[in-house]
Each structure stands twice: as C-alpha cells, then as structure tokens.
Amino acid sequence: MARVNLYCPGDIPDERSKSANHWVLKGMIEEKLPVEAHLLLGREKIPINVHYLSKYSIGIKFDNGNKYRSGHEFSKIMLRFNGEDIILGPCKLIQDSGNNGISGRLIFIRDIYDFRSLFFEHKIVKLQSAFFNLPLVLAHKDSIRSSFKEYTASLTYDLNVYKHVFDQLDQEYADEKEDVKQIIQKAILATEGRKLMNFLDEKIEELQILVSDFSADEHERHGYYFRRQLWNIISCSPIMLRTNMKPRGYAGDSEMMRMIYTNAYEGNTTFAKILHKHPMEHPAAQAVRTRRKLIASMLRRVYTGLMKEFSRTINVLSVACGPALELINILISPEDCEKYNFSLLDQDQAALSEAAQLIKQIEIDLQAKIDVDYLNESVRTMLTTERITSKWGQYHFIYSMGLFDYLTPPAARAVLAKLCQLLKPGGEMVIGNFHTSNASRVYMEYWLDWVLYYRNEEEFLDLLQGVDDAEATVLFENTGSQMFLHVKKRACSN
C-alpha cells in the first residue's frame, strides 16, 4: 500500500498552481485518462477504470459490463497510482445522468475523500480531517489568561451589537434608489461610523496595554484565540479577511497593497465598510502610502546627482515590487519615462502581471515608452546565484519597501549583501523595515494576523556588517512606524 499523508482541506495547494506536475495531472484529468482500480466486495475483486469527475466523487467504468445497480455498496476500492496501491473505504454506486461513457459515479459513505487532491497531488485528504485536531483546538482556550478572555468576550458582545444596529439601518433604506442610498450611507459613515471607529481606537489601546507583557508564544496563542472569537466580525472587512486568509500564501500581497493605497470604504455593508476603513487609517497603513512618495523623491534626487556626470538613463531595481504602484509617483511626465530603465523583481507572477498592466496604462496616459524588465525570481534564487552581477547586471538605484519585514536576520543580512553586489559604485539603495515602535503592531497581529520581523535602528544597521564598500544611515517616514536603510556604495577610486 502506498505511503500517503493526511492533510486538512485548507492545506491543499491552489488548483491554479503552475507547477509542472500540476499541469501533467491536470491534463490527465481534463482528457479523462483512466486510472486502474479494483472494487472489493467480500472476496470478489472487480476490475474497473476510474475517472476524475468532481472534488468528492469519481466516475467508474466496469471492464466486463455493469451488473450492479444504483445504490449498490462496496467495501473498498483500490486505485493504482504510479505503481502503488491506494486503498479507500466504503462507497456507493449511483447512476450518472450525464453518462459521459461511464458506468456510474462512486460516492464514499464513511470517509469523504478529496479527489482533486488525490488526482492532482497524490495525497489522501479527508473532508473530516479538520476534526482530527479538534480536541487540541478546544483545549487551546485553557492557556488563555482570564483577563484576556474577559476583554475578548466583552468586545465580541459590543461589536455584535454594533453590527446588528448598522445592519438594521441598511435594511431601513434598502428600497431607495442607488444614488439616494449612497448619500444616506455616506451620512451614516460620517457620523455613527466615526463613533464606531473611535470605539475601536479605545479598544485597541486597551488591548495594547493588556498584552504588553506577553511573550512571543503568548502573543501567538492569544492572537489565535482572539481571531476565532471575533471571526464573524473580522471576516466582514475585506482587508482583514484577506490578511487572515492569505489567498496567495503570504500577507502583503498586491491586492492588500491596492486596498491600502486606495484607502477607501470597501465592503458589502455599512458595518463592513467601517471595519475595512479603520485599519486603512492606522499609522502602519499611512506609512505604506507615504513611502511611495519617499521613494519617488529619493530616486529623482539620485538621478539629478548622476546626471551631473553622465547624460544617460539610470538603471533601477525594485525588489519584491508587488504591483509597483509607486511608479505612478515616479513617472509623471513623458520626460520621466526616458530617465529610467526599470527592473521589477517579484516571486509572485500575479503581482508582476499587475505591474505590467500598470506600466501599460502609464504608457497610454503619458504617450511614452517605458523601459522595463520583469524578473520572476525569489530571494532563494538571489541567494543561490553565485555570479549575480553577470546574470542581473548592476543598478544605480535599488529599493525594496516591504521585503525585509518578512526576512529573518540571517536571511536579511544575506539578501542585503547580494543587493550591495548589484549596486553600482556611487549608487544608492533604500530598504524599508517596520520599526519595533510601530503603533499598529498589536492591531496588525491580533486582528489581521499580519506578523512582521520588526527591528530597531541598531539592528537594521547591523545587517550591513561585513559589507566594506558601503555606508548607511537610517531614515523614518512621517508616522515613525517604518524606517529606511539608506545605503550609499562608495565610488571607485581613480
């Protein structure tokens, strides 16, 4: 029997994954290529071919004709995958109205298997897997401080009352014309909505005091407990739902950045709009919006300084570029498009696609051509590439606004050293990292499940140790939540 792992449904890779193995298996499924199998009925072993039909059912075709009627039950099924046997439990045959050349459809009557995972990933996943760890999850509350339980219970009650009242207000004017509804909702947001935001401010300040002496493990345990208790509230907010669910596998993806940059009321209800807008106005979100202008300002200054010696374009590298929305602040005229050769690097192909769409729109708006290369690379690739300058070249200006918030000290130090290699002599680099004093830290960790590697000035500067041909200073944006390591590489001596 094959050795297989058991996974919870949430652990399954996204079906849109572009791995080579995925596409091979996807092709097999789309072409309905059969898998050899046997049904077991007592001592009888019945040969069949199995086809993928849906996530929780499979189509079968009997080799010697179908003598079994709909509703017939079998004790087991044995599937042959890559020369190994996988045995699944009791199942029932039902007729398939679509036929599709099959004898029927098998539905499993005890353990419910995820056949998308089985056919795509060669893993056995049961729908009931989430219950396996249920005793541990339920016992989780025993390690939560009583004062925190009281705080969370009180907040849960209060916010559910707020939600109920706002939802009732939405129903009161639901039959009005759309333009009337918008005006009414705008008035509610500006009045009662602001009162709810003030209430949230007070409760977050209270939370910061309550958890101020927690260890890292306690923060993690209490944050999990908090989000489970308040999930029906948190999930109303588009930004909070996305940061918690992490559909691309990480926080800070390009859609989250779009929400922060847009800084608008988003959501299906008035209550949802308030819960979305509140974190958009917190210091951390303000810092994200501010850094776009800071990068644009520094790049213009670097360009002006270099043009005193050279009359040419300069090479610019954005690391973990995301949707590259800062280019809106950098490229404001057709002349700006002639100043820079951009290289946009990100491990997320979706983010690079969004950046490409932005570039195209800027070109249309400015009636100009932008010189840009898209590098679908990761930090791992960067660290394992030995002669990186031969492969990627060198740059006059390098910036990374959010990558280092997710790097451990050893990884951050190694990446910074690589980036210094990519920096031309006389060039400059700006690296962002949220400071330990970030006023939104508790809010982000407990409400949004958005955990960063925070550093202070000394720790940030220490990352450059061992790099002898560069000097660095630390800058802050206006809120003081985020700092920037400003690195200047020494020019070659004549």
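The values are calculated or read from the model by the stated rules, or taken from the named source; none is laboratory data. Remember, predicted model here, so these are calculated numbers, not experimental data. So basically every Cβ, Gly included, is an ideal-geometry build from the backbone, and we count neighbours across all protein chains shown.
List of remarks:
- Single residue of the stretch 56-67 satisfying the filter (touching a strand residue (DSSP E or B) at 6+ places or on another chain (Cβ under 9 Å) and charged (D, E, K, R)) that is modelled with the lowest pLDDT: 63
- Number of residues in the stretch 42-64 that are surrounded by 14 or more Cβ atoms within 10 Å (Cβ to Cβ) and in a strand (DSSP E or B) equals 13.
- Selection within the stretch 456-494 - more than 27 Å from residue 437 (Cα to Cα), in a loop (DSSP other than H, G, I, E, B) and touching a residue at least 60 places away in the same chain (Cβ under 8 Å): 490, 491, 492
- Sole residue being within 30 Å of residue 207 (Cα to Cα), touching a Phe, Trp or Tyr at 6+ places or on another chain (Cβ under 6 Å) and of a type outside the set (Asp, Glu), chosen from 446, 453: 446
- All conditions but one from (1) buried (at least 19 other Cβ atoms within 10 Å of the Cβ); (2) closer than 17 Å to residue 37 by Cα apply to residue 126; the one that does not is (2).
- Of the set (1) within 26 Å of the chain's Cα centre (by Cα); (2) modelled with pLDDT of 85 or more, all apply to residue 145 but (1).
- Selection from the stretch 63-84 of residues that are hydroxyl-bearing (Ser, Thr, Tyr) and closer than 15 Å to residue 40 by Cβ: 68, 75
- Checking each residue in the stretch 147-198 for being surrounded by 11 or more Cβ atoms within 10 Å (Cβ to Cβ) and among the acidic types (Asp, Glu) picks out 150, 158, 167, 170, 176, 192.
- Test result for residue 284, part of a helix (DSSP H, G or I) and small (Gly, Ala, Ser): yes
- Flag for residue 25 being assigned to a loop (DSSP other than H, G, I, E, B), modelled with pLDDT under 90, within 24 Å of residue 121 (Cα to Cα) and aliphatic (A, V, I, L, M): no
- Scan of the stretch 461-476 for residues that are within 20 Å of residue 397 (Cα to Cα) and surrounded by fewer than 21 Cβ atoms within 10 Å (Cβ to Cβ), ordered by number: 461, 464, 467, 468, 469, 470, 471, 472, 473, 474, 475, 476
- Subset of the stretch 344-390 (residues that are in contact with a Ser or Thr (Cβ under 6 Å, 6 or more places away or on another chain) and of a type in the set (D, E, K, R)): 354, 373
- Among the residues of the stretch 416-450, those that are within 30 Å of residue 214 (Cα to Cα) and assigned to a helix (DSSP H, G or I) comprise 441, 442, 443, 444, 445, 446.
- Selection status of residue 382, out of contact with any Phe, Trp or Tyr (no Cβ under 8 Å at 6 or more places or on another chain) and at negative phi: yes
- Of everything in the stretch 204-250 that is among the small types (Gly, Ala, Ser) and part of a helix (DSSP H, G or I), the residue that is farthest from residue 150 (Cα to Cα) is 216.
- Some residue of the stretch 351-365 being within 28 Å of residue 476 (Cα to Cα), out of contact with any helix residue (DSSP H, G or I) (no Cβ under 7 Å at 6 or more places or on another chain), in the same structural domain as residue 476 (by TED's automatic domain parsing) and hydroxyl-bearing (Ser, Thr, Tyr): no
- Members of the stretch 251-263 found to be part of a loop (DSSP other than H, G, I, E, B) and of a type in the set (A, V, I, L, M), listed by number: 251
- Options 487, 415; residue that is buried (at least 16 other Cβ atoms within 10 Å of the Cβ), among the hydrophobic types (A, V, I, L, M, F, W, C) and over 27 Å from the mean Cα position of the chain (by Cα): 487
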